[in-house]
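Below is one structure; the comments refer to it alone.
The values are calculated or read from the model by the stated rules, or taken from the named source; none is laboratory data. Because the structure is a prediction, the values reported are computed rather than measured. Methodologically, a virtual Cβ is constructed for each residue, glycine included, from the backbone with ideal geometry; neighbour enumeration extends over all protein chains shown.
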Amino acid sequence: MPFLTQLADVARRTGRPVTEVGGWKTRGHGPQPEVRGIVCHHTAGPAGGGDYPSLAVVRDGRPGLDGPLSHFGLGRSGGIYVIAAGRCWHNAPSTSPRHDNSSSIGIEAENDGSQPWPEVQLDAYRKLCAELCRAFGLPASRVKAHREVNTSKPDPHSIDMNAFRAAVATLINGGPVPAPGPSTPSWTEEILRELPLIKPGDDNFDVKTVRGCLFARGHVPPAAYAGIQDGLEGWLKTTQCDNGLVELVRGFQRAEGIDEDGLVGPATWGPLLRV
């Protein structure tokens, strides 16, 4: 895939003001190899200083990490800054092969990491993600928070990504997004938020829960435990998230219409536990 020189046109479809940062069409760590996902960030920049004070850092980088750090910037006013058309260093190491630097688009929204989000900025955030999904043929499930695809990151702070993705899906389908308002999560939503992310290489008792749920849902063929000491019982007691388990998770996700990333997070825990 070449440099993504269509990004400014995609951004304008949101109806929000668009600023093309000088040199953006050739800026990047080489061309963008592919677009399979979108990663949402906050800048953790200054609390004040205008609409998008983090522009220089996102464009040029910081000590130890060269810019560009993201394809887009998103100002407090809802204005969109098109910063780079090539690959950006915005998510590494990634827990998802669809959301690493070589396969995803990054959006850095201005926020110091604790400020309330202006609704105009959130509206632009949702609309930009929806237009990017349309442009690259992605479902709303491919829109991820940085914290969902990188275990050491907290951003974007306080945004309920399940609600965010639901709003993006509505926009993709051409419907209006409901006005924001206070809501109380159900007890099942609270439980799902507290469950750990299970990823390749993990070794803990939560992995056993995943194995048991997959078996209960009929997604563990005999071939999966053939040759294992104690057969099925031994397989169910194994605490390692190995390659075989990851492939079974992918098969379950495929059957449920979930993004096939092999990770067990809220979107996968729900159908696994039938909540």
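Listed here are the residues, each with its yes/no results for (1) touching a Phe, Trp or Tyr at 6+ places or on another chain (Cβ under 9 Å); (2) within 30 Å of VAL264 (Cα to Cα).
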position	(1), (2)
GLY50	no, no
ASP66	yes, no
LEU69	yes, yes
SER94	no, yes
From the option list LEU65, LEU7, LEU55, single residue qualifying as among the aliphatic types (A, V, I, L, M) and under 22 Å from ALA135 (Cα atoms) is LEU7
It is to be established whether one or more residues within the range 176-183 are of a type in the set (A, V, I, L, M), surrounded by 15 or more Cβ atoms within 10 Å (Cβ to Cβ) and either over 22 Å from the mean Cα position of the chain (by Cα) or modelled with pLDDT of 85 or more (or both). no
Within the range 209-227, residues being touching a residue at least 40 places away in the same chain (Cβ under 8 Å) and either not in a helix (DSSP H, G or I) or not assigned by TED's automatic domain parsing to the domain that holds PRO196 (or both) number 1
What pairs can you find where one residue is in the range 228-256 and in a helix (DSSP H, G or I), the other is basic (Lys, Arg), and their Cβ atoms are less than 6 Å apart, with a gap of 6+ or different chains? LEU236/ARG211
